[in-house]
Structures are given as C-alpha cells and as structure tokens.
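Structure record follows, encoded as structure tokens.
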There are 2 protein chains.
Amino acid sequence: MAVVVQKYGGSSVADPVRIKNVARRIARKVRGGFKVVSVVSAMGKTTDQLISLAKSVSENPDERELDMVLVTGEQVSCALVAMALRDLGINAISLNAFQAKILTTGNHTNARIVDINSKRLKEYLRSYDVVVITGFQGINEDENFTTLGRGGSDTSAVALAATLKSDCEIYSDVAGVYTCDPKLYPKTRKWKYITYDDMLELAAMGAKVLHSRSVEIAKKYNVKIYCGSSFSDEEGTWVVDKLPEWLEEPVVTGISLDEGQVKASIMNLPNDATVISDIFKRVAEKGINVDMISLVKNGEATHVSFTVVSDKIAGIKELLDETLSTYGGNYHFYGRFSKITIVGTGMRSNYGVASKFLELLASEGVEPELITTSEIKISALVPEEKAHALVEKICEEFQL
Amino acid sequence: MAVVVQKYGGSSVADPVRIKNVARRIARKVRGGFKVVSVVSAMGKTTDQLISLAKSVSENPDERELDMVLVTGEQVSCALVAMALRDLGINAISLNAFQAKILTTGNHTNARIVDINSKRLKEYLRSYDVVVITGFQGINEDENFTTLGRGGSDTSAVALAATLKSDCEIYSDVAGVYTCDPKLYPKTRKWKYITYDDMLELAAMGAKVLHSRSVEIAKKYNVKIYCGSSFSDEEGTWVVDKLPEWLEEPVVTGISLDEGQVKASIMNLPNDATVISDIFKRVAEKGINVDMISLVKNGEATHVSFTVVSDKIAGIKELLDETLSTYGGNYHFYGRFSKITIVGTGMRSNYGVASKFLELLASEGVEPELITTSEIKISALVPEEKAHALVEKICEEFQL
C-alpha cells in the first residue's frame, strides 16, 4: 500500500473551520489512493496556554507532570481531525503516543524518539485509511508521557516517515522554503528543491519552516520532505539529499538578517587561553548567547570581540566589570549593527563567494565590523542603517 | 499501609487557587499517616467546553473520538494537582486511565468499569504518597479511551476504593447529604449517617451529592463513603450499609419537591391493556418523561392519569389527538401542581408513615390529586400554591 505522512502545524488546525479544511485535504489524498498517517500539532496557541496554566499552579512545574498537561493539546486536535474525517466518510482513527507506541528517552520536555512500533502502526493502516497521530509527544519506558521540545511535531512526522519508509509532507502557513524573508526582499524566490544541509543551516538561522532535529533525522534515514501550505495548492519545496541532476546547484540558497546587534570588544587581556574560556563560560552561565566571536593576538595582549543582542548589554557589563578587575583589560560596546548571513552548500565548491560578498559590501561603502565564516556560510556585521539596502543588493547579485 | 480514596469534583478544582487548596487538603491527609489515591474531575466547566468544541467540528461527533477529546480534561486537572502537591513537598504522581489500567466495557461515552489492576496500583502506592487518578474515564480492551457518563468520577472513586478495600471520601461544594434542599426549608438538617438505599432514592430524586451508579457499587462492595465539602472542615455525611446501632433509625430521611407539574387525565379508554401500553410507548418515543401514572378501571372503561412537566403539554396533546382518534376516549389537563416526595428505608418497618403523611395533608386542607408509593417512598401531587407551606410542615413533623 502507498503510504504518506502528512504533518499539519498548529496554525493549520487553529479553529474548527481550519480543522475541517485539513480533513478535506487529507481526504483528497486518500481518494488519490494513499493511506495517510497524519501528524497534528495542538490547536493554535494551546501549548502556550497550557504552559501558563501550569505556571499559575506551580512557579516551576514538575516536568513529568508538565508533559502530562502538554500532551493533551495534540490529543484534542488529533481527535477533532479524525471526527471531521469520519464526517467526510473517511475511515479514520486518532492515536496518542500510548496507543501508537512512540517510545522516547526518559527526559521530560526534551525527549528523543528511540522507537516506533511499526508492526502495530501497519496493523492500524490495514484497518483504517487515515491514522491521526499526536505529534510532539511520546512515552518513555516507565509509561510516562514525554514531549520532544519546541517544533517536535516535525520530528514526530519525519520519524514516522522513516519508520514507514514513506515521504513526509509538512504543511504550515508558509508555502515552502524561501531564499529570504519576504519582508526583507519582496522579490524573494521559493526553492523547488533544497538539500538537507542547506535546510539545516537555514533552520539554525531561524527559518521557521522546519525544526532542525527533523531535518537531521530526514538526512540520516533519507526521508524526502515536502514543505507546503495547508491553505493553498501553491507548489512547495522538496527537501532532499541531493538536488536533481538537471538542476544547476545554486551557490547561495538563503540569506538572513539579525537586527539589534551590539559589538562588544575587550582589549588588552593577558595572553592566557584560560582567561578567554573563563569569560565565555561565565557569559554562558548567565544564559547570554554571544555570536561572531573573533580573537586577535597582538604581542603581549589578546583582543576579543563578539556580538550580542542589545538588551543583554547590562548583563555583560556587570560580568566584565567583575572579571576584568581580576584579569586586567578594558572593554567597550559599539552599535547598533545588523548581522547579514548568506548560506549555501554550493559555497564548498565555489571559492569566489566570500570575495564576491565582500566586494559587494565595499562597493556599497560598507566596511564590515566583524566577519565569520563556515564551510557553507558567511556572516558580516554591518551598520544597522545600511543593512536593508545591502540585503536587497545581495539578493539581486546572487539571484535569490 | 492505611489507604484512603479522596475524590474532588469539578468545582473543587475550577481554578489554580482551588487546585492549590485541594493539594493542601490531600497533603494534610498524607501528614496524618495515609497514602491517598485522589480522583479528580475536569476543571470547572471544561467537559462542557470540550463537548461544544467537538460539536463545532462535527454535528454528531464520532463517540470514540469524542471520548478521546473528553478524557484530556481530567488528565490536565490531575497533573496540576500533582504539581501543586510536589510544591508542598509531597511525593505525588498523576496517572491517566492508560497508566492506572482502569479497564472498562467497550461502549463509548457510557462505559462501565470492569477491572482495575490493583497490583499495579499498589506498586505506585509503595513508591508515592499520593497517586492522582483521572476520574470519569477508562480504556477498553482495544486500548481506546472510554468515559463513564455524567458523574462518572464518583464511580471511579468508589471503584478504586472497592479495589483497595479502603474508605472513599467524596468532596464537592456541598458539605454532605441534607434532608431537603436548604432553599425549601432553611432549617434543613444534614445527616451524619445515611444508608445506601436511602442515598440511592435521594440520588434518583436529583440530590446532586452522589451519582447513583457510585452508590450501587458502594453497596455491592460495602465501601463506606464520606461526603464532605472541599471548602470547609464542616462535618459531612457517611453513606453506609447500616446505621450505627446507637443511632435511632429515622423513618423519613429526605424530602423533595418537583414544581411545574401538570396532571393529564385520559378518560373512557377501552378496557384493553394494549391501548395503554401503546400510548405510553408513543410518549416515550417522543422523549417525554411521564411520572405518577395511576390507572382506574370503571365498568366498561379505563381511566388513566399521569403527571408531566408543563412545557411538555404541547407534545402530549399532539400525540393524544392522534391516538384517541383511533381508540376513542377524551383527555384533559389540570394544573399546575407540585410533587412532594418523602423517602426513608425506615418506612419499611413503620407502617404509619403513609397515614401520618396523608393526615398531615388533610389537616392543611389539601386533597392530593395523585398518590404513588414504593416500599421506601411516598409521593403526592398537590396544588402548587400550597406546596411550600406543606414542605415546611412535613419537615417539622418528621424532624427533617
């Protein structure tokens, strides 16, 4: 039997009208000859509401009990989708993690799927045309509910597809994977195909189409993912291992912009590796994320710069005042800046990208404050007021 | 180990403040040396809200899927109670019907408990001081969720107490079982003890303290039930097999008043049993409840009277016009009346109750329109305007 996994996100099932819409889309797939495993998220903002309910009872809710509360969100939406399907004459059943036997590690609120009982799942698929399964959740070996962390429904869907050796269709309110946020560059293009590696970089950069963990699993088990809109039939994006051969590999697949960045520079630190590691350890302990770390040694002294979002300045200041009183050195904040990042696995075999990127900045009269690179990614820190015009130039230059 | 089952109804856990209050009450019991199995209903009006959500997706929701939606209400409230208990330093865990292995018959929305895995329950009680269990729900042998129908949490609690051979404390917003509605007779008394049989009659008469099915199970397995308030420490009522020997058995244990009654009389029907049964079958098919049926044969004709609530007159009229055109006979409605019922297992051994009751009506100048009796119950239909004064007289006479 032809099986496909279809995942619908929270905004796709936010109210009864949208639930019925999702049911119609699933029904269409069934009438097209497929058995469908449908993974459904909690309705709209339900998970957030359940978290605040728990926090109004306990400031720091027990995680095992919090998971027990959270998993009800998906159970409700799945049962509602199954009801709507039955009204359309489709033989559907909803299953929670207990019933579907989705086994995870023991850690609550951030578990990982370790096993899905595929024999049982296939039995259900013999009896039903659609099996609607709660995303985001599992049970551990003590029969406690667990949750997979934010975006976990994507992971559930891809794991089910891996188990069933089927494709995985992920539907949300975005019709696919774009080269950049349409708000930044209205002429943004949607990819027809994108590789797992590029998708992983884009997900890490905050593209909300797919959760990183789900892409990792897809890559590992070679599950083809299709990202589309649950509200239209517009063509979406396939996330695959390799682009089709007829397709010329794009050098740059995406661009992102992070605004509100401040550059912190610490000068004249002693040339002692433990000093730097101690400073960044303390920053991490404060729960502050720093980025674009760049380090220069200059004779007897070490200078280090990094970026941080502007509302964390106070926290960093406090920490540096304390640390530098021991180690010596002085610091200064500069800002505000924006971080522009371009991504593309094609960069691996195309050495000219970095220079083309920097040339472009220079031709616009922008001297980047900081630059960091990885194999498939370049980021530059530029003055905030020049960032939007630059993004547009880059999109044109790299045909994004 | 000393174990007790405590059940808290929906209004007792309607919001976070009340949930914390319930947790404090359970904690007190634990500190008094008990292991507690706590059965908790869904918060406030949650079940009603979930039903309307389901109905906004499907006019006539699939019952298996409806149960899947409904059971989430108790899962949330139980987990919240467990969280609040952990904040009080109590070692608590919440379990849904899957985890607690509460096995029911297969029929959805109205299932019956057939088995509770007591071995497993006792294991949990060895590891935890409090096990908070979802009321109102079970799983059937196909691992589908089932629900026990309205008031089912009482049944869950009593069934758990029967399994554990423990007492069962049922907490709600009413502090026990009263002789009559305090709105009818402000000097109403609360019983310290009441028998299962009296409680069953009172429950059937609409006393909302306990669900009939739970009393039946308590009677069968001889589970002592204590009914009290979750908001105060006021002494409640014990529901038991036999009253303590030192307690003089009351003849009348309760009184109720049903207002808005109309008497329908059908005269001159043929003396043919199938005619009467046909009429009442048609009434039932229309979903109309009739009560206090009384039948008199007079020579060649049969006369039958019954009561019905006044807003059903139109439905009955339509039906009688149709039926009597075949059978002959004529009908008339009289009203409005109130039905006064007194209940007491003590009546069994006390033959004077009926005559005392009728004497009392006569002394107030009231001639009852209809009278029906059972072994432990007498009802009289009296003019509506005289009912309230009569209730007061009866309460005084029978020391209610």
Original post:
Quick one: if you stick a label point 7 Å off each Cα along the C-beta vector at B:Ala362 and B:Asp173, how many nm between them?
Top reply: 4.4 nm
Subject >> Among B:Ser58, B:Ser127, B:Ser232: highest mean-square fluctuation, GNM of chain B, C-alpha pairs under 10 Å >> reply: B:Ser58
**OP:** State, as an integer percentage, the relative contact order of segment A:3-240 based on alpha-carbon contacts under 8 Å between residues 6 or more apart.
**Re:** 21 percent
**OP:** Once the label point is placed 7 Å from Cα along Cβ, list for B:Glu384 the distances to the corresponding points in the other copies, in nm, shortest first.
**Re:** 7.3
Original post:
Among chain B residues, which Cβ is nearest the axis of the B-onto-A rotation, and at how many Å?
Top reply: B:Thr72, 2
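If we count every other residue with Cβ under 14 angstrom of B:Tyr327's Cβ, Lys/Arg +1 and Asp/Glu -1, where does the sum land?
Summing Lys and Arg as +1 and Asp and Glu as -1 gives -3.
If you restrict to DSSP beta bridges whose two residues both lie in the protein assembly as shown, what percentage is antiparallel, to the nearest 5? Don't jump to the answer; show the numbers that get you there.
Numbers: 96 of 154 bridges.
Once the DSSP bridges in the protein assembly as shown are tallied, antiparallel ones form about 60 percent.
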Original post:
Which distance in Å, rounded to a whole number, links the C-alpha centroids of segment A:189-265 and segment B:118-148?
Top reply: 44 Å
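Provide the net charge surrounding A:Val309, with neighbours chosen by a C-beta distance below 12 Å and charges set as Lys +1, Arg +1, Asp -1, Glu -1.
Numbers: positive: A:Lys263, A:Lys312, A:Arg336, A:Lys339; negative: A:Asp258, A:Glu259, A:Asp291, A:Asp311.
Taking every other residue near A:Val309 into account, the sum is 0.
Can you sort B:Phe34, A:Phe337 so the residue with the fewest Cβ neighbours within 10 Å comes first? Provide the component values of the computation, followed by the final result.
Working: B:Phe34 19, A:Phe337 26.
Taking fewest neighbouring Cβ atoms as first place, the list is B:Phe34, A:Phe337.
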Original post:
Can you give the relative contact order of segment A:254-397 as a percent, counting alpha carbon pairs under 8 Å and 6+ residues apart?
Top reply: 31 percent
Original post:
Dimensions of segment A:3-240 along principal axes (Cα, Å, largest first)?
Top reply: 48, 42, 35
**OP:** Under 11 Å from the Cβ of A:Asn107, count the other residues' Cβ atoms, weight Lys and Arg +1, Asp and Glu -1, and hand me the total.
**Re:** 0
Subject >> Cα pair count fraction exceeding 55 Å, expressed as % - the protein assembly as shown >> reply: 30 percent
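Could you give the alpha-carbon Rg of chain A over 2.2 N^0.38 Å, rounded to two decimals?
On the way: Rg = 24.0 Å, N = 400, 2.2 N^0.38 = 21.4 Å.
Cα Rg divided by the expected 2.2 N^0.38 Å: 1.12.
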Original post:
Hey, got the dipole for segment A:254-397? About the Cα centre, +1 on K and R Cβ, -1 on D and E Cβ, debye to the nearest 20?
Top reply: 260 debye
Original post:
Using unit Cβ charges (K, R positive; D, E negative) and no other charged atoms, how large, in debye to the nearest 20, is the dipole of chain B about its Cα centre?
Top reply: 1600 debye
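What are the semi-axes of the equivalent ellipsoid for segment A:254-397, taken as the square roots of 5 times the Cα gyration tensor eigenvalues, largest first, in whole Å? Please list the in-between numbers first.
Numbers: eigenvalues 178, 54, 37 Å².
Sorted largest first and rounded, they come to 30, 16, 14 Å.
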Original post:
Along the charge dipole of segment B:196-274, which of B:Thr253, B:Ser232, B:Ile266 sits closest to the positive end, that is, farthest toward it, with unit charges on the beta carbon of Lys, Arg, Asp and Glu (+1, +1, -1, -1)?
Top reply: B:Ile266
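Please arrange A:Ser52, B:Ser214, B:Ser229 by how many other C-beta atoms lie within 10 Å of their C-beta, fewest to most.
Details: A:Ser52 9, B:Ser214 28, B:Ser229 16.
Exposure proxy ranking, most exposed first: A:Ser52, B:Ser229, B:Ser214.
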**OP:** Find which of B:Ile394, B:Thr47, A:Ile93 sits farthest along the positive direction of the dipole of the protein assembly as shown, computed with +1 on the beta-carbon of Lys and Arg, -1 on that of Asp and Glu, about the Cα centre.
**Re:** A:Ile93
Subject >> Residues in segment A:140-167 reached by a label modelled at A:Asp115 [backbone nitrogen below 13 Å; 7 Å Cα→Cβ] >> reply: A:140-143
Subject >> Candidates A:Glu367, A:Glu385, A:Glu318: whichever shows maximal mean-square fluctuation once chain A is modelled as a Gaussian network with Cα springs under 10 Å >> reply: A:Glu318
Original post:
Nearest 10 degrees, 0 to 90: what angle lies between the long axis of helix B:273-285 and the longest principal axis of chain B (Cα atoms)?
Top reply: 40 degrees
**OP:** Compare A:Gly106, A:Gly138, A:Gly32 in a GNM of chain A, Cα atoms joined below 10 Å, and give the one with the largest fluctuation.
**Re:** A:Gly32
Subject >> Antiparallel DSSP beta bridges within chain A, as percent of all bridges there, nearest 5 >> reply: 60 percent
Original post:
Would you list A:Leu95, A:Leu320 from fewest to most Cβ contacts within 10 Å?
Top reply: A:Leu320, A:Leu95
**OP:** Might you report the magnitude of the Cβ-based charge dipole of segment B:173-255 about its Cα centre, with Lys and Arg at +1 and Asp and Glu at -1, to the nearest 20 debye?
**Re:** 180 debye
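How much mean residue ellipticity at 222 nm does chain A get from its helices, if each DSSP H run of length 4 or more adds -39500 (n - 2.57) and you divide by all residues, to the nearest 500 deg cm²/dmol?
Values: 12 runs with 153 residues, N = 400.
Mean residue ellipticity at 222 nm (helix-derived): -12000 deg cm²/dmol.
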Subject >> Calculated label separations, A:His303, copies of the chain, 7 Å along the beta-carbon direction, nm >> reply: 11.4
Subject >> Position B:Arg189, label points 7 Å along Cα→Cβ, spacing to each other copy in nm (shortest first, one decimal) >> reply: 9.0
Original post:
Roughly how tilted is helix B:118-127, in degrees to the nearest 10 and between 0 and 90, from the longest Cα axis of chain B?
Top reply: 50 degrees
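Coordinate-derived values only; no laboratory data. All figures in this text were calculated on a predicted structure; none of them were measured in a lab. Neighbour counts run over all protein chains shown; Cβ positions are idealised from the backbone, glycine included.
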